[in-house]
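Chemist: The structure that follows is given in the form of structure tokens.
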Amino acid sequence: MKNHLPKFLRVLILFIILILLIVFGVLFYAFKIEPYLLRTKQYTLNADFTKPLKIVQVSDIQISKHFTIENLKKVINKINEQEADIVLFTGDLYEIYAEYHDDEALIAELSKIESRLGKYAIWGNRDYGGGAVRQYEDIMEKSGIYLLRNEAVSITVTGEEHLFLAGLDDALLGAPDITEIMEKFTDHRYLYSILMTHEPDTADLYSKLGFDLIVAGHSHGGQVNIPLLPQIKTTLAEKYVDGFYSLNDQTSLYVNSGIGTSRFPMRLGVIPEITVFSLERET
């Protein structure tokens, strides 16, 4: 049977079908594939410890009906593969606690995280909202994770070698206060110092206080990152979105792009990550 459609119209229809297939493929990848991938970013930082100190940072897990405890197991396994000395969690455990939570199963999985010198966490904005504020501290405690809220600890690495680790309260829904932290910070000599804060743009407030490294999350790395298009940004994660930033000659900021998703259960161009910092002497 002869095709009576003009050639240009046939080409147009084929072009539209091709575009629709591409759009469908991209959306399928963004919603069904990339959010469940996981990469490990590794960095070596200069510190004068006798032996290398390995620190793993994970952020913004945001457990939900889209990213469940079953999905978390892959993350826990990847963390344990690193054989970390210290594990840091920079906030946002659930996406919206009132809509989906399974505390018992979550505690069972978080308890499996292995570290030689301890597991530490801070509060994120999602840990306050949606009813999570009444459960977050209890979940951390039962999981063997030390929750830092405007406080600091001195971690003995070997002998007389100490790491200073501090954690601030969430800047959006909490009440961050660096006073007590700084009292401890100036009271001792440390080979390295780390400050944990959930929202990365707050790092400018603490950049001149002498910390070696500030670690944050919250941004999800923009969650959608398409070349040549503006990045999606969120409150207090507009200036610093993803990766390393040099704040001055002494202090660097690292923004972890997180594990879970926020608002929409999709990621595109921002694969979930855990970050491994190896603190060791320059050779």
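Chemist: Based on what the data block shows, is Ser262 among the small types (Gly, Ala, Ser), surrounded by 15 or more Cβ atoms within 10 Å (Cβ to Cβ) and over 13 Å from the mean Cα position of the chain (by Cα)?
Modeler: no
Chemist: Could you go through the stretch 200-222 and let me know if any residue there is under 16 Å from Ile178 (Cβ atoms), of a type in the set (D, E, K, R), in contact with a helix residue (DSSP H, G or I) (Cβ under 9 Å, 6 or more places away or on another chain) and not in a helix (DSSP H, G or I).
Modeler: No, because not a single residue in the stretch 200-222 is under 16 Å from Ile178 (Cβ atoms), of a type in the set (D, E, K, R), in contact with a helix residue (DSSP H, G or I) (Cβ under 9 Å, 6 or more places away or on another chain) and not in a helix (DSSP H, G or I).
Chemist: Of all residues in the stretch 228-283, which are without any contact (Cβ under 8 Å) to a residue 40 or more places away in the chain and of a type in the set (Asp, Glu)?
Modeler: Within the stretch 228-283, Glu238, Asp242, Asp249 qualify.
Chemist: Looking at the stretch 202-225 only, could you name the residues that are in contact with a Phe, Trp or Tyr (Cβ under 8 Å, 6 or more places away or on another chain) and either surrounded by fewer than 21 Cβ atoms within 10 Å (Cβ to Cβ) or within 11 Å of Tyr245 (Cα to Cα) (or both)?
Modeler: Ala203, Leu209, Gly210, Asp212, Leu213, Ile214, Val215
Chemist: Against the condition surrounded by fewer than 21 Cβ atoms within 10 Å (Cβ to Cβ) and among the acidic types (Asp, Glu), how does Asp103 come out, does it pass?
Modeler: Yes.
Chemist: Let me ask another. Check the stretch 63-81 and report whether any residue there is part of a loop (DSSP other than H, G, I, E, B), touching a Lys or Arg at 6+ places or on another chain (Cβ under 9 Å) and surrounded by 21 or more Cβ atoms within 10 Å (Cβ to Cβ).
Modeler: no
Chemist: Would you confirm whether or not the stretch 21-41 contains a residue that is farther than 18 Å from Gly258 by Cα, buried (at least 21 other Cβ atoms within 10 Å of the Cβ) and either in contact (Cβ under 8 Å) with a residue 60 or more places away in the chain or of a type in the set (Ser, Thr, Tyr) (or both)?
Modeler: No, the stretch 21-41 contains no residue that is farther than 18 Å from Gly258 by Cα, buried (at least 21 other Cβ atoms within 10 Å of the Cβ) and either in contact (Cβ under 8 Å) with a residue 60 or more places away in the chain or of a type in the set (Ser, Thr, Tyr) (or both).
Any read-out appearing in this document is the output of simple, stated calculations on the displayed coordinates, not a laboratory observation. Quick caveat, the model's predicted, so the values are computed rather than measured. For neighbour counting, all protein chains shown are included, and Cβ atoms are generated from backbone atoms with ideal geometry for every residue, glycine included.
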